[in-house]
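Okay, so here's the structure we're looking at.
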Amino acid sequence: KLPVENEEVFEDILDITQLLNKYGIQADRIYFDKFMEKTLYFGEAKVKLGSNKDIDEKIMKLKPILPGLEGKKGTLRMDNYTEGMTDFTFELD
């Protein structure tokens, strides 16, 4: 077990990396803000996941979207996800 200042961060990192592995997704970086909301980085593209609510569904829906983000610079907004949602906003930088 690794020593960490905030045990919740460690558990969240473990959960998100397991989900990324489950769906065969390789993120460049995972960022947690002060509210513990998550953002994944894929090159110049960011994916704002937000809270842990529906995190499995968000990651599952991200898988087919990722190829379309390749080479783009901006933010995919998944932080406002609700069950059954299929359309997400991509904000160009």
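Miscellaneous remarks
- Region 3-28 residues that are of a type in the set (Asp, Glu), paired with ones that are open to solvent by less than 80 Å² (accessible area, probe 1.4 Å) and part of a loop (DSSP other than H, G, I, E, B) (beta carbon under 8 Å, 6 or more apart): Glu8/Met36; Asp12/Met36; Asp12/Asn52; Asp15/Asn52; Asp28/Gly43
- Region 56-75, residues that are among the hydrophobic types (A, V, I, L, M, F, W, C) and either more than 10 Å from the chain's Cα centre (by Cα) or modelled with pLDDT under 95 (or both): Met60, Ile65, Leu66, Leu69
- Pair list, Cβ < 6 Å and 6+ apart or interchain, from region 81-93 residues that are within 18 Å of Gly43 (Cβ to Cβ) to residues that are open to solvent by less than 60 Å² (accessible area, probe 1.4 Å): Phe88/Leu76; Phe88/Met78; Phe90/Gly74; Phe90/Leu76; Glu91/Gly74; Glu91/Thr75; Leu92/Gly74; Asp93/Gly74
- For region 26-48, the tally of residues that are acidic (Asp, Glu) and under 8 Å from the mean Cα position of the chain (by Cα) stands at 0.
- Scan of region 77-89 for residues that are open to solvent by less than 60 Å² (accessible area, probe 1.4 Å) and either on the phi < 0 side of the Ramachandran plot or of a type in the set (A, V, I, L, M, F, W, C) (or both), ordered by number: Met78, Asp79, Tyr81, Met85, Phe88
- Residues of region 10-62 satisfying the condition of being open to solvent by 40 Å² or more (accessible area, probe 1.4 Å), within 21 Å of Asp87 (Cβ to Cβ), in a loop (DSSP other than H, G, I, E, B) and not polar (S, T, N, Q): Tyr23, Glu37, Lys53, Asp54
- Residues of region 63-76 that turn out to be open to solvent by 70 Å² or more (accessible area, probe 1.4 Å) and either in contact (Cβ under 8 Å) with a residue 60 or more places away in the chain or not in a helix (DSSP H, G or I) (or both), as a count: 4
The values are calculated or read from the model by the stated rules, or taken from the named source; none is laboratory data. As the structure is a computational prediction, the values presented were derived from the model and not from experiment. Virtual Cβ from ideal backbone geometry, glycine too; neighbours counted across all protein chains shown. Note: areas computed on protein heavy atoms with side chains; ligands, DNA, RNA excluded. Shrake-Rupley method; radii C 1.70, N 1.55, O 1.52, S 1.80 Å.
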